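First comes the structure, then the notes that go with it.
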Amino acid sequence: MMITEKLQQVKATLKPGVRLVAVSKFHPTEALQEAYDAGQRIFGESHVQELVAKQETLPKDIEWHFIGHLQTNKVKYIAPFISLIHSVDSVKLLREIDKQAAKADRVVDVLLQVHVAKEETKFGFTPDELLDMLATEEWKTLQHVRLAGLMAMATNTDDTAQIAREFDTVSQLFATAKERFFATEPAFREISMGMSGDYLIAQEHGSTMVRIGTTIFGQRNYGNG
Ligand SMILES: *Cc1c(COP(=O)(O)O)cnc(C)c1O
């Protein structure tokens, strides 16, 4: 099936108000162009070099989202154009984004990544770490980043009840953070959760933004990446 059709199929399953990030990592620019021609404007990438190369060639009205683990020394390459960084997992990274966004004369929207999955390999703040970090209020002094919400990945499991519990944990954490620190900040409003295998669960448990790759673009060929 064509990307255009798959994209329409996925969009037809999304609840009103849930935004779609088309995760295009490891797929060639032709695939992104096809999705773009079908109306998609938000694309998610997880490798800086690949993202920069695609951004240079594809239409300028694309909203690029960074969704992978971001190393501080690479922030400078994406700060001039990135629309949303989903994966802020340390204060050090937040400071670096602020610094590079200042150089680019921008304010960059970011999400704080929360670790709720069972896998050790996933990045992010635990719920307690997140609330402690927000309580320091250092983030308020960073003029070139704007905290726009939370991002999380659930455990890679067939246990849908466990996945639902993890997404609920994130939604509850979002509500707590919103009430304590962002009650008067409308910009803090996104919960980025849900991938090809679990987005239908995620959108029933508070997601405002789903990140879908495989269902739209097919399997990734890491060998050629
Ligand atoms: C690759 C990736 C996705 C997309 O995963 P699919 O299973 O292909 O939909 C979503 N989020 C993150 C953080 C990813 O790295």
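Here, each number is a calculation from the coordinates, and none is a lab measurement. Values in this document were obtained by computation on a predicted structure and should not be read as measured data. Counting neighbours? That spans all protein chains shown, and the Cβs are built from the backbone with ideal geometry, glycine included.
Details
- Local electrostatic count, ILE42, Cβ distance below 10 Å [Lys/Arg +1, Asp/Glu -1]: +2
- The range 151-176 and the range 1-32: distance between their alpha carbon centers, rounded to Å: 23 Å
- Per-selection Rg to Rh, the range 1-114 - Cα, Kirkwood hydrodynamic radius: 0.99
- Around the amide H of HIS115, modelled in the peptide plane, lie the amide H atoms of PHE125, THR126, all under 5 Å away and 5 or more residues distant in sequence or on another chain.
- For the options GLU204, GLU63, GLU120, a Gaussian network treatment of the chain with springs between C-alpha atoms closer than 10 Å singles out GLU120 as fluctuating the most.
- The Rg/Rh ratio for the chain is 0.95, where Rg is the radius of gyration of the alpha carbons and Rh is the Kirkwood radius.
- Label point distance in nm, THR141-GLN8, each placed 7 Å from Cα along Cα→Cβ: 5.4 nm
- Gaussian network model of the chain, springs between alpha carbon atoms under 10 Å - residue of ARG180, ARG41, ARG95 with greatest fluctuation: ARG180
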